[in-house]
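Chemist: Got a structure here, written out as structure tokens. Questions coming.
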Amino acid sequence: MRTIEIFDKLEKKFVERASEELAQGEEIREEFLPQIKRYYGLLQQSMVMGEPQWMHPVLDDWVQVRTQTEVEKQEASLTVLLNRIFAVTHQVVSEELHPQEALNFIKKILPIHAHTLEYATKKETQVHVRYVSSELENVRVQLEKLDRSKSDFISVAAHELKTPLTLIEGYMDMLRENIPDNEYIFLLLDGVENGTRRLQEIINDMIDVSLIDNDLLNLNLRPIWFDRLLKMVFAEFEKYLQKRNQTLDLREFPGIDTQTYGDAERIYQVLKNLFSNAIKYTPDGGTIIVDGRLLPSFIEITVADNGIGIAPEDHERIFQKFGHLGNVALHSSGKTKFKGGGPGLGLPIAKGIVEAHGGSIWVESEGHDENTCPGTTFHILFPILESPPIEKTTQ
């Protein structure tokens, strides 16, 4: 019996059986019937022509009609449906044809079935990849909006806080000038002044973060020498080092006195943040070593401590805004107290300033351990410039 005659003989029973097996309910069965007939017709065409590609149109349509939920959860896989259709085909062929004739017919269908499975799997994978890519893009857009909102909030909050803080400072000065000498009152005013000074530093950090986020950080590039900047930072932190019984070893490395161009105030800010970070996370009696080396077109500065260290998974996180490590509620407050808390802006600001100079900053640490204290080393790479770039000077 010829292939076309066999298909004509099996069509009615195949369509009825497939509709019953694959569609639950009379209404669904009626809707599914044209699809089964179309599949059967293309299967016949594929066998007659010897080209399984004839099955592609119906497979493409079936892949596209899957719901978003089915794609998301990878449910209602087309390969499952095709295997069930093949099982129905095998049943009908076995019932309607002689054993040898049925075997020969199934052998002809198998390559087509294998091709449909491969093609359907590829198409379903493409649809799922497109769905996942779309979801990732949506998440990226939402994160960008969230980050932009956070940056806007930081900027607005910082500027709104500056006005009342200025008033507080003004009234404090007036109090100092107009009240009689009273050691106790002056002690109280000193406490208020220290608090407002710390608040001013936090507000300035918030403004700096906002400038960095919006690419508005202006650099006043002038000749600088790192040995002078490092000695100035050391002088500022000397009393805190003595209070914590810590040792700071400022080494004279090759290139430390090399002239380059940079924003001295901003680079000083970077070094202050790194010194403060090293002091905070190094136990009392610890050691901080500032070293470096001269590289082709660059100078590298390292700030190493024998403190509690940083876990490898947090090496990038610490350079993100508000990148606190550990439980913030357990931190003490202060810039030099052991594990002292803060807004988590110092290192992100340092990163923004260094990168604005065309440099880079990174951290090395074997891990975090408050008992063994594996230590941490921050690396800063600054370009050596013979003259200031015009665009950065006038930005």
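Chemist: Can you confirm whether Lys145 is part of a helix (DSSP H, G or I) and within 30 Å of Thr3 (Cβ to Cβ)?
Modeler: no
Here is a yes/no grid of residues against (1) among the β-branched types (Val, Ile, Thr); (2) in contact (Cβ under 8 Å) with a residue 40 or more places away in the chain; (3) surrounded by 12 or more Cβ atoms within 10 Å (Cβ to Cβ); (4) more than 30 Å from Gln64 (Cβ to Cβ):
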| residue | (1), (2), (3), (4) |
| --- | --- |
| Arg130 | no, no, no, no |
| Lys150 | no, yes, yes, yes |
| Ile154 | yes, yes, yes, yes |
| Pro164 | no, no, no, yes |
| Ile168 | yes, no, yes, yes |
| Tyr171 | no, no, no, yes |
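Chemist: From His90, His113, grab the single residue that is modelled with pLDDT of 90 or more and under 45 Å from the mean Cα position of the chain (by Cα).
Modeler: Being modelled with pLDDT of 90 or more and under 45 Å from the mean Cα position of the chain (by Cα) holds for just one of His90, His113, which is His113.
Chemist: Show the residue pairs that are 6+ apart or on different chains and have beta-carbon atoms under 8 Å apart, the first residue being within the range 1-24 and within 13 Å of Gln35 (Cβ to Cβ) and surrounded by 15 or more Cβ atoms within 10 Å (Cβ to Cβ), the second being among the basic types (Lys, Arg) and at pLDDT 80 or above.
Modeler: If the second residue must be among the basic types (Lys, Arg) and at pLDDT 80 or above, the pairs left are Val15/Lys37; Leu22/Arg84.
Chemist: Give Leu199, Leu211, Leu217, Leu221 a once-over and let me know the one that is under 27 Å from Glu160 (Cβ atoms) and touching a Gly at 6+ places or on another chain (Cβ under 7 Å).
Modeler: One residue alone meets the criteria, Leu217.
Chemist: Does the range 174-188 hold any residues that are without any contact (Cβ under 8 Å) to a residue 12 or more places away in the chain and of a type outside the set (Ser, Thr, Tyr), and which are they?
Modeler: Met174, Glu177, Asn178, Ile179, Pro180, Asp181, Asn182, Glu183, Ile185, Phe186, Leu187, Leu188
Chemist: For Val132, work out the one condition from (1) in the same structural domain as Ser46 (by TED's automatic domain parsing); (2) outside any helix (DSSP H, G or I) it doesn't fulfil.
Modeler: Going through the list (1) in the same structural domain as Ser46 (by TED's automatic domain parsing); (2) outside any helix (DSSP H, G or I), Val132 breaks only (2).
Yes/no matrix, rows are residues, columns are (1) surrounded by 14 or more Cβ atoms within 10 Å (Cβ to Cβ); (2) closer than 30 Å to Leu175 by Cα; (3) touching a residue at least 40 places away in the same chain (Cβ under 8 Å):
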site	(1), (2), (3)
Asp190	no, yes, no
Asp208	yes, no, yes
Ile212	yes, no, yes
Leu217	yes, no, yes
Pro223	no, no, no
Leu229	yes, no, yes
Val233	yes, no, yes
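Chemist: So Asn218 ticks every box in (1) modelled with pLDDT of 95 or more; (2) farther than 20 Å from Ser365 by Cβ; (3) not in a helix (DSSP H, G or I) but one. Which box is left unticked?
Modeler: (1)
Okay, residues lined up against (1) in contact with a helix residue (DSSP H, G or I) (Cβ under 6 Å, 6 or more places away or on another chain); (2) surrounded by 21 or more Cβ atoms within 10 Å (Cβ to Cβ); (3) small (Gly, Ala, Ser); (4) not in a helix (DSSP H, G or I):
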| site | (1), (2), (3), (4) |
| --- | --- |
| Glu238 | no, no, no, no |
| Gln242 | no, no, no, no |
| Asp249 | no, no, no, yes |
| Glu252 | no, no, no, yes |
| Gly255 | no, no, yes, yes |
| Arg266 | yes, yes, no, no |
| Ala278 | no, yes, yes, no |
| Asp284 | no, no, no, yes |
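Chemist: Identify all residues within the range 245-274 that are among the hydrophobic types (A, V, I, L, M, F, W, C) and within 22 Å of Asp305 (Cβ to Cβ); write none if there are none.
Modeler: Leu248, Leu250, Phe253, Ile256, Ile267, Val270, Leu271, Leu274
Chemist: Please work out which residue is farthest from Gln200 (Cα to Cα), limiting yourself to the range 141-174 and to residues that are polar (S, T, N, Q) and modelled with pLDDT of 85 or more.
Modeler: Ranking the qualifying residues of the range 141-174, first place goes to Gln142.
The values are calculated or read from the model by the stated rules, or taken from the named source; none is laboratory data. Since the model is a prediction, treat every value here as computed from it, not as a measurement. Every residue, glycine as well, gets a Cβ built from its backbone with ideal geometry; the counts of neighbours run over all protein chains shown.
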